Structure formats: structure tokens, C-alpha cells
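Have a look at the structure below, then the notes.
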Amino acid sequence: MSLFGKKKFPAPETAVEILEHENSSVYLTLEDDSILECIIVRWFMWNDHSYGVLLPTNTEDGTAFLFYMEKDENDGMPLISEIEDTEEYVKAGEVFDYLMENAGYDFKE
């Protein structure tokens, strides 16, 4: 285990990717009741939670969203909920960066 900040979090290399549903579309209802279509870019397990990274289909600026993701027991479809702990959100984002870098993606221009 590694110590990140004040809380104890597992090291990024302990993450396990879930390939099912990657590149599938999901639809988020925003606060103004508009619908945003997103693609599931990555779905991974880390820190005893399942996380998903969603990329809106209508943007080219690279903005992505990070959520808790679970499977619906009835139909197997993704269920999405917000990560409310800021420190956990940041660390899960670092794990996503780690996974992407190890998959050969270079975020530096």
C-alpha cells in the first residue's frame, strides 16, 4: 500500500481494468435536464471500488468525467454515481492516467 495525501490508498498498479462495456455509449442527465451522450473510455477496479471514465461525444477538448460504475444486477448495464470525496476523485484520476500511460497513450504534447 502507498500513502497518498492524508488517506491510505492502494498504489495505481493495483488497478484492474474491466474491458466489458468500454466504448459503449451512456447518457447522462445534467442539472439543466439536458442529455449528454458519453463513451465509456475505461472501466477499472481500484481501492475496492469500480470506476468509469466517460468522454462526451460532442466535445473535442478532451474533457472527461470520472464516476463510480457498477453493473446493474438485472440487465448488466452500467450504473453510474458521483464520487463525492475530492481526494478519492483526484487519486482515482491519477490511477486512470497511470493505466492510460501504460497502455501507450502520451498526454504530453
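No lab work stands behind these numbers, since they all come straight from the coordinates. Please read all numbers here as calculations on a predicted model, not as lab measurements. Positions of Cβ are generated from backbone atoms using ideal geometry, with glycine treated the same way; all protein chains shown enter the neighbour counts.
Each residue of the stretch 82-99 in order: what ³J(HN,Hα) in whole Hz does its phi give by Karplus 6.51 cos²θ - 1.76 cosθ + 1.60, θ = phi - 60°, with x for Gly and Pro?
Whole-Hz 3J(HN,Hα) from phi for the stretch 82-99: 6, 8, 8, 7, 4, 5, 5, 4, 4, 5, 5, x, 5, 5, 4, 4, 4, 4.
Calculate the spin-label point distance for residue 73 paired with residue 97, positioning each point 7 Å from the Cα along the beta-carbon direction, and give it in nanometres.
Spacing of the two 7 Å Cα→Cβ label points: 3.7 nm.
Against the globular-protein guess of 2.2 N^0.38 Å, express the Cα radius of gyration of the stretch 20-80 as a ratio, rounded to two decimals. All intermediate terms of the calculation are to be shown ahead of the outcome.
Working: Rg = 11.8 Å, N = 61, 2.2 N^0.38 = 10.5 Å.
Normalised Cα radius of gyration, the stretch 20-80: 1.12.
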